[in-house]
Amino acid sequence: MTKTLQTSAIESVQLSIQSIIGVVKNLSEKEIRWNPSAEEWSIMQIITHVAEAIPYWVREIQQIKEHPEKAWGRGLTDETRLKTVSVENVNSLQISDVLDQLASIPVYVEETLRALSSKDLEIIAPSRNPRFDGKSVEFIVNHLIVEHVEKHEHQIQRNLSKYSQE
């Protein structure tokens, strides 16, 4: 990943987070907390997840940079792998607080990515998840941060489409 690609990743996260915040700010609380189905997350669960997951992956990158010999990520049997305490308890959260958390993510991501050298991006550390073992820091940036945010941005749009059909 060159500086240009780092800049691209930073800009992508910034745009996706801004888009998510812009959409959610214009929704009613009912729309935000509505669940499309028992298997799908509400928009509130999605934004809570993004607010927790992206800082998690950024911290993992920082840990890999400092200790490349240590395993990173969550294993397949980790109870918090797909659900976090906040995602399961969104009813106790205020939408404005989660939006504030989201708003801080682009700065946090930018600070971390700008501090990475080309060598840092090539680091391959062991992963607790066999699917990601042998993957580089560049992969984490692209897949677990940039694509992750974009995926959830699209998920919000799907939820809104389903809500409008309700």
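The values are calculated or read from the model by the stated rules, or taken from the named source; none is laboratory data. Everything numeric here is computed off the predicted structure, so don't read it as measured data. Don't worry about glycine lacking a Cβ; one is built from the backbone with ideal geometry, like all the others, and counts go over all protein chains shown. Areas reflect the complete protein model, heavy atoms only, side chains present, ligands, DNA and RNA absent. Shrake-Rupley method; radii C 1.70, N 1.55, O 1.52, S 1.80 Å.
Some values worked out for this structure:
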item	result
Residues satisfying the stated conditions in the range 28-49, i.e. open to solvent by 20 Å² or more (accessible area, probe 1.4 Å) and either closer than 16 Å to residue 89 by Cβ or in contact with a helix residue (DSSP H, G or I) (Cβ under 7 Å, 6 or more places away or on another chain) (or both)	29, 31, 33, 34, 35, 36, 41, 45
Subset tally (residues that are assigned to a helix (DSSP H, G or I) and either closer than 18 Å to residue 55 by Cα or not basic (Lys, Arg) (or both)) for the range 121-161	28
Pair list, Cβ < 7 Å and 6+ apart or interchain, from the range 107-122 residues that are β-branched (Val, Ile, Thr) to residues that are open to solvent by 50 Å² or more (accessible area, probe 1.4 Å)	112/62
